[in-house]
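For reference, the structure discussed in these notes is given below.
None of the figures in this text is laboratory data; all of them are computed from the coordinates on show. Note that the structure is predicted; figures quoted are calculated from it, not measured. Every residue, glycine among them, receives a Cβ derived from its backbone with ideal geometry; neighbour counts consider all protein chains shown.
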């Protein structure tokens, strides 16, 4: 069973524990305990970082501890745990003896920058403003600075949760964004074309900004930058885990499902049975399931959703089923969308998910002996797809994101895209489409379609370069050398700034016996990437080519 830990809110302390004094030696003992526990019981977590790099970071923190403030030590421990880059593997900040602070704002990254989505009523002027700098440090640099503290499974996870870390003064100080710790932080903001500065005083220790699915909802104390004149479907009925609404003009049923848990008023099997009965009994042509806010829960509860789709002849067709995914689609919901991808004809729309397709999930609570801070260390490997499909996220077939103006005005471009979708010119699987064109000899159409799709923003998350490269090597491995050269050349033409594309083309020509062309393209790859792994490979291949024994 998957457990959904609200770890990201954990470090914004809910209450203050009794304060104790922890000595330098005790902190170092905790650090040693963490290191030994990881090596002894969780060595499988060394996938995205190495044991050597981890141990080097441990040694550096051990050396630094005598000169660090307590919050800097805690953040140092958090960086170590975050270095595994699995979202379920995280340090539980809220259990430290001294609470951290939080600024009275909620940051959100739209496609046009970082904005103040929500704020305390005392900071009304800042509501909806774009953040230019934090403590005098530009937003881009500030995000880069906090990245090591975030257990960012991928860039989407970081996009979803980095704003929380940017609102914690202790994190800002430990990561060098503010030079001295202060409960007040100055932000440089932009609103209505004007730039201004405003200082924000942290909430009292133990208090945090109240959010629902990462967004502040308006009440008597807290303000939301979104117009309150209407409410988009994905933010309706947030007191319920899921609900559905019929949109008769589009002959569409819309579902917002935001946890993989049973709603107290109606469990998942009952809800989806009612939903699919409605679809069968009414004039419905399309189903949209919105899981962009869904951070997971219990993946054993996914079965009724999948079986309900498979049983519905109306819905399980390309163009009739849309699944909205995004930066908060995580954990048990990643399992759900994986299963939808495996077994249904769903078209995914929106942003990529924040979980790896195959990932380490459920975690154990490991308490550090002196500070009593818990490290949550993942132990369960979840694999819904073959290893070679284990990408950093599940990408949408149709890429759509949201700008700040969309949010402020209650526009939902993702749902709008799903409702206006026409299947006539859409390709669900670009590589399958282009493979068919290649196999049937439609080379000119292949070239035209490849250029069109590579440059179409709808397909921006599809890994065209990687897939073309794989296709070229499959052809090369099967002895179809000229065909592989064609694919490698097309890839190099489409991605002329990629040293790997030219390196692969060189290998194709080498296999064909054309050392002149091979040498030309290996040297081109070296010039583009003189110190990288591609250049290293190209230099080695050139050395072998020039070796008298090379045939």
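Pull out the extension gain between residue 21 and residue 144, defined as 0.36 nm times the separation in residues minus the alpha carbon to alpha carbon distance; nm, one decimal. Let's see the in-between values first.
Numbers: separation 123, 0.36 × 123 = 44.28 nm, distance 3.23 nm.
Between residue 21 and residue 144, full extension yields an extra 41.1 nm.
How much of the DSSP bridge set in the chain is antiparallel, in percent, rounded to the nearest 5?
Working: 41 of 57 bridges.
Of the beta bridges lying entirely in the chain, close to 70 percent run antiparallel.
Quick one: of the DSSP bridges fully inside region 102-191, what percent are antiparallel, nearest 5? Please list the in-between numbers first.
Details: 13 of 13 bridges.
Percent antiparallel among DSSP bridges in region 102-191 is about 100.
Relative contact order for region 463-546: what is it in percent, counting Cα pairs under 8 Å that are at least 6 residues apart? Provide the component values of the computation, followed by the final result.
Working: 101 pairs, mean separation 17.9, N = 84.
Relative contact order of region 463-546: 21 percent.
If I stretch the segment between residue 282 and residue 246 completely, what's the gain in nm (0.36 nm per residue apart, minus their alpha carbon distance), one decimal? Show your work: numbers first, answer last.
Numbers: separation 36, 0.36 × 36 = 12.96 nm, distance 0.97 nm.
Taking residue 282 through residue 246 to full extension adds about 12.0 nm, to one decimal.
Would you kindly work out the equivalent ellipsoid of region 105-202 from its C-alpha gyration tensor and give its semi-axes, the square roots of five times the eigenvalues, largest first in whole Å? Could the numbers behind the result be given before it?
Working: eigenvalues 78, 53, 27 Å².
Value: 20, 16, 12 Å, ordered largest first.
Given a Förster distance of 22 angstrom, what is the FRET efficiency for residue 493 paired with residue 426, based on the Cβ-Cβ distance and rounded to 0.05? It would help to have the intermediate numbers written out before the result.
Values: r = 24 Å, r/R0 = 1.11.
So, using R0 = 22 Å, E works out to roughly 0.35.
Any chance you could list P(r) for the chain, counting all Cα-Cα pairs in 10 angstrom bins from zero, rounded to whole %?
That works out to 3, 16, 23, 24, 20, 11, 3, 0, 0, in percent per bin.
How do 440, 344 rank when sorted from fewest to most other Cβ atoms within 10 Å of their own Cβ? Before the final figure, lay out the partial values.
Values: 440 10, 344 19.
Ascending Cβ contact count within 10 Å gives the list 440, 344.
Could you calculate the FRET efficiency of residue 380 with residue 514 from 1/(1 + (r/R0)^6), where r is the beta carbon distance between them and R0 is 51 Å, rounded to 0.05? Kindly include the intermediate steps, with their values, before the conclusion.
On the way: r = 50 Å, r/R0 = 0.99.
For residue 380 and residue 514, the calculated efficiency is 0.50.
I want to make sure I understand the PRE zone here: with the label point 7 angstrom from the Cα of residue 539 toward its beta carbon, which residues in region 479-504 have backbone N atoms less than 19 Å away?
Within reach of a label on residue 539: 499-504.
Please tell me the relative contact order of the chain in percent, rounded to the nearest whole number, where contacts are Cα pairs under 8 Å and at least six residues apart.
Details: 1012 pairs, mean separation 69.8, N = 551.
Normalised by residue count, the contact order of the chain is 13 percent.
Please state the equivalent ellipsoid semi-axes for region 196-342: what are the square roots of 5 times the Cα gyration tensor eigenvalues, largest first, in whole Å?
33, 18, 14
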